[in-house]
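Here the structure is laid out as structure tokens; the discussion comes afterwards.
The values are calculated or read from the model by the stated rules, or taken from the named source; none is laboratory data. All figures in this text were calculated on a predicted structure; none of them were measured in a lab. When we count neighbours, we look across all protein chains shown, and the Cβ atoms used for this are built from the backbone with ideal geometry, even at glycine.
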Amino acid sequence: MAEIVIKGVAKRFGGFTALHQVDLTIADQEFMVLLGASGCGKTTLLRIVAGLESPSQGEVWIGGRRVDHLPPRDRGIAMVFQNYAVFPHLTVFENIAFGLRMKKLPQVDVERRVNRTAELMHIEQLLKRYSGQLSGGQRQRVAVARALAMEPDVILMDEPLSNLDALLRLEMRAELKGVLAASKTTTIYVTHDQVEAMSLADRIAVMHQGRIIQAASPVEVYRNPAARFVGSFIGNPPMNFLPAVKAANGSWSVAGLTLPGPKSDRQAIEFAIRPEDVEAGEAGLPATVRVIEPLGPHTLVTCDVEGGLFRAVLDSNVAVTAGDRLRLAPKPDRIRWFDPETTHAI
Amino acid sequence: MSAVAEAPVAAATADARKAGDWLLVATAILLCIWVLLPIYLLIVNALSSPQEVTAFPKRFFPSFDVGSLAFFINFAGVARALWNSVLVATLTMVLSIGFGAPAGYALSRFDFPGKETFRFLVLMTRAFPLPLLALPLAVMFIRTGLDDTALGLALVHTTLALPFAVLITFSLFSGIPVELEEAAWTLGCTRLQAFRKVILPLALPGIAASAVFAFTISWNEVFAAAVLTIENRTLTAFLLQSLGESPLYLKFAGGAALVVPALIFIFAVRKYLFAMWGIANR
């Protein structure tokens with residue numbers, strides 16, 4: 001059992017605040033992904049959980065034990081680093097065995113555990129080699145095997161796939177997910193890659209400027225962004241935003257279209273819709289087509305709606321050419337509204 | 001039209017580049033001669049018989065007559081001076097690495113106020129002229145009883161070698177990714193264990209090189225050695241004192257005995273000395 005509780009953790013480097021009062025609870029055996037652009041504080045938060053960085057304030061609990069004053073070795077964690085950090089002066093076998101030898105396990109157990117994790121990561125034929133004789137993908141496998149061999153309660157991963165090439169990343173992603181699910185550990189995984197986050201996570205914590213904006217399941221984060229930032233950061237292409245002005249009877253006027261919307265005291269709010277949630281039809285948002293990108297299964301159409309950029313993913317059967325005037329009808333249940341001042345969802 | 005105009009320009013730049021290449025090669029050859037010729041003459045004469053040293057014309061290859069070297073080694077006081085040199089140089093080496101390596105590690109791994117100033121000051125100690133220090137040091141050493149001892153001289157040599165030890169080990173430790181250490185911490189190591197099991201094995205060749213360099217600095221140093229020792233002369237101080245009146249062939253033998261070990265040491269550790277200045281040469 002290793003639930004991780006982060007309570008009011010803040011981190012300041014001199015005058016710069018990397019983390020503002022972050023609260024997050026990660027359930028036992030959950031796969032939590034910290035997602036955000038570089039500099040959002042996600043790696044700092046991970047390093048605070050690992051004990052490589054100490055929080056300026058707040059508490060970290062792992063498995064019901066307060067750990068923020070403990071060194072990394074006493075926290076029951078294992079970590080995988082972005083640049084692998086495979087010890088160059090030791091063989092693959094000794095790398096994987098390193099932590100087990102520190103625990104002073106008998107040689108039989110060390111060998112059994114090293115062989116088992118090496119088999120799991122498909123590197124059993126590399127055990128006698130040194131790090132310099134391995135490819136990037138193989139080094140990453142060694143790093144993961146070294147963490148798994150510790151049989152930790154918690155595995156922390158800092159962008160473990162970002163140094164691999166695209167094809168290898170795809171392959172490792174699926175493999176990691178299977179291995180970590182089988183190992184029954186609690187995982188915190190840091191990445192800036194939203195596809196990686198969506199495909200791996202039980203829950204995603206989207207971070208921005210030292211704060212967690214939303215922590216929810218991948219589908220929830222995608223469908224119901226809690227703030228404008230989440231909608232604009234997640235999704236490729238990202239969400240479309242248009243200004244909405246208050247009309248009669250609690251409805252809102254968006255680019256000439258009148259839509260039923262939420263109650264708000266404000267005169268102007270923001271309308272948002274995912275590119276794939278519009279359909280070309282008779283009625284809808286008036287759009288002038290600028291660029292057409294056929295992507296096979298569907299067509300990405302970049303348009304002008306009331307002078308603003310608007311992207312729509314249309315069925316590839318819809319015949320459009322640049323300069324066409326379209327009517328794009330948003331699916332009513334997929335429309336989201338944001339407060340322009342707080343940027344929160346309404 | 002433009003092609004016609006461009007051709008002479010291209011030819012001119014090619015000429016200029018060629019001339020530049022020649023200049024570079026010529027300078028390199030000149031510098032090599034500047035350094036290598038005295039060493040060559042020293043070794044040739046040291047390995048020649050006394051008659052050949054004064055003879056003319058010289059032979060290009062020495063006759064490998066070890067007579068003058070053998071005479072030099074058996075010269076009264078040389079063995080003692082040699083032992084003193086080794087003792088002082090070894091002490092210097094131990095002290096320089098003992099103090100320098102931790103300082104280099106601290107510089108590479110920790111951020112502390114005044115870090116840049118500290119690095120600068122480390123380098124500045126080399127700008128302090130030794131003759132200025134020698135007299136007050138001699139007085140102080142006599143008062144404390146450190147005069148004419150190997151330890152006293154080693155302390156002075158350590159102040160000369162320490163800046164290099166700090167800077168070489170600093171670049172050495174900076175070249176080892178901090179993640180390796182952090183990985184060791186997460187795998188159950190204390191700071192000290194991580195240093196011993198991960199950092200030290202990786203840094204050891206460089207530390208050894210830095211130690212050899214400190215040894216060489218002490219081995220070659222003559223001024224402090226001449227001022228601060230009387231009975232327990234090191235080889236350099238002994239040669240300075242006694243070879244002035246010796247015949248030419250003995251001077252060559254003494255010079256070779258001094259230069260050759262230093263040359264071999266420096267050659268062995270050259271890549272780490274380049275690393276100190278941030279030139280990757282691996």
Looking at the structure I just gave you, is A:A118 facing chain B (nearest Cβ under 9 Å) and not in a loop (DSSP other than H, G, I, E, B)? no
Could you count how many residues in region A:90-106 are more than 10 Å from every other protein chain (Cβ to nearest Cβ), assigned to a helix (DSSP H, G or I) and not hydrophobic (A, V, I, L, M, F, W, C)? 1
Any chance you could count how many residues in region A:22-68 are in a strand (DSSP E or B) and without any contact (Cβ under 8 Å) to a residue 40 or more places away in the chain? 3
Please find, among A:D304, A:D315, the residue that is in contact with a His (Cβ under 8 Å, 6 or more places away or on another chain), charged (D, E, K, R) and in the same structural domain as A:A244 (by TED's automatic domain parsing). A:D315
Looking at the structure I just gave you, is A:R228 basic (K, R) and surrounded by 15 or more Cβ atoms within 10 Å (Cβ to Cβ)? yes
Taking only pairs six or more apart or across chains, which ones have beta-carbon atoms under 9 Å, a first residue in region B:205-223 that is closer than 18 Å to B:R126 by Cβ, and a second residue that is among the small types (G, A, S) and outside any helix (DSSP H, G or I)? none
Does B:E181 fit the bill of being surrounded by fewer than 23 Cβ atoms within 10 Å (Cβ to Cβ), acidic (D, E) and away from chain A (no Cβ under 14 Å)? no
Test result for B:L41, touching a Lys or Arg at 6+ places or on another chain (Cβ under 9 Å), without any contact (Cβ under 8 Å) to a residue 60 or more places away in the chain, in a helix (DSSP H, G or I) and surrounded by 10 or more Cβ atoms within 10 Å (Cβ to Cβ): yes
Scan region B:116-128 for residues that are modelled with pLDDT under 80 and loosely packed, with under 10 Cβ neighbours inside 10 Å and jot them down. B:A127
Just the residues that are more than 17 Å from A:A255 (Cα to Cα), of a type outside the set (A, V, I, L, M) and loosely packed, with under 11 Cβ neighbours inside 10 Å, please, taken from region A:316-346. A:N317, A:T321, A:G323, A:D333, A:E341, A:T342
How many residues does region B:21-57 hold that are farther than 25 Å from B:P261 by Cα and modelled with pLDDT under 85? 5
Enumeration of residues in region A:69-88 that are free of Cβ contacts under 8 Å to residues at least 24 places away in the same chain, part of a loop (DSSP other than H, G, I, E, B) and either more than 10 Å from chain B (Cβ to nearest Cβ) or crowded, with 16+ Cβ neighbours inside 10 Å (or both): A:H69, A:L70
Qualifying residue in region A:4-11 (condition: without any contact (Cβ under 8 Å) to a residue 24 or more places away in the chain and over 30 Å from B:L202 (Cα atoms)): no
All positions within region B:224-250 that are over 19 Å from B:W83 (Cβ atoms) and either modelled with pLDDT of 85 or more or surrounded by 20 or more Cβ atoms within 10 Å (Cβ to Cβ) (or both): B:V227, B:Y249, B:L250
Taking region B:184-219 and keeping residues in a helix (DSSP H, G or I), within 8 Å of another protein chain (Cβ to nearest Cβ) and either of a type in the set (S, T, Y) or in contact with a helix residue (DSSP H, G or I) (Cβ under 6 Å, 6 or more places away or on another chain) (or both) leaves B:A184, B:W185, B:T186, B:V198
When you go through A:F229, A:F241 one by one, which is the residue that is in a strand (DSSP E or B) and either touching a residue at least 24 places away in the same chain (Cβ under 8 Å) or among the aromatic types (F, W, Y) (or both)? A:F241
What residue, of B:L107, B:L69, is in a helix (DSSP H, G or I), farther than 22 Å from B:L160 by Cβ and in contact (Cβ under 8 Å) with a residue 12 or more places away in the chain? B:L69
Scan (1) of a type in the set (D, E); (2) in contact with a Leu (Cβ under 7 Å, 6 or more places away or on another chain); (3) in a helix (DSSP H, G or I) for the single condition B:E179 breaks and write down its number. (2)
Which numbered condition A:C40 fails, given (1) touching a helix residue (DSSP H, G or I) at 6+ places or on another chain (Cβ under 8 Å); (2) more than 14 Å from every other protein chain (Cβ to nearest Cβ): (1)
Scan the strands (runs of 3 or more DSSP E) fully inside region A:251-346 and keep the ones with 2 or more residues being of a type in the set (F, W, Y) and more than 33 Å from the chain's Cα centre (by Cα). none
So which residues in region A:136-166 are small (G, A, S) and in contact with a helix residue (DSSP H, G or I) (Cβ under 9 Å, 6 or more places away or on another chain)? A:G136, A:G137, A:A143, A:A145, A:A147, A:A149, A:S162
Please work out if B:F141 is farther than 26 Å from B:V259 by Cα, more than 14 Å from chain A (Cβ to nearest Cβ) and either in contact (Cβ under 8 Å) with a residue 40 or more places away in the chain or not in a loop (DSSP other than H, G, I, E, B) (or both). yes
Kindly check whether there is at least one residue in region B:242-260 that is among the acidic types (D, E), closer than 30 Å to B:V139 by Cα and in a helix (DSSP H, G or I). yes
Note on A:S135: of the conditions (1) among the polar types (S, T, N, Q); (2) more than 14 Å from A:T91 (Cβ to Cβ); (3) in contact (Cβ under 8 Å) with a residue 24 or more places away in the chain, unmet is (3)
Pairs with Cβ under 6 Å, 6+ apart, first in region A:109-128 and free of Cβ contacts under 8 Å to residues at least 24 places away in the same chain, second assigned to a helix (DSSP H, G or I) and of a type in the set (A, V, I, L, M): A:V110/A:A97; A:V110/A:L100; A:E124/A:A118
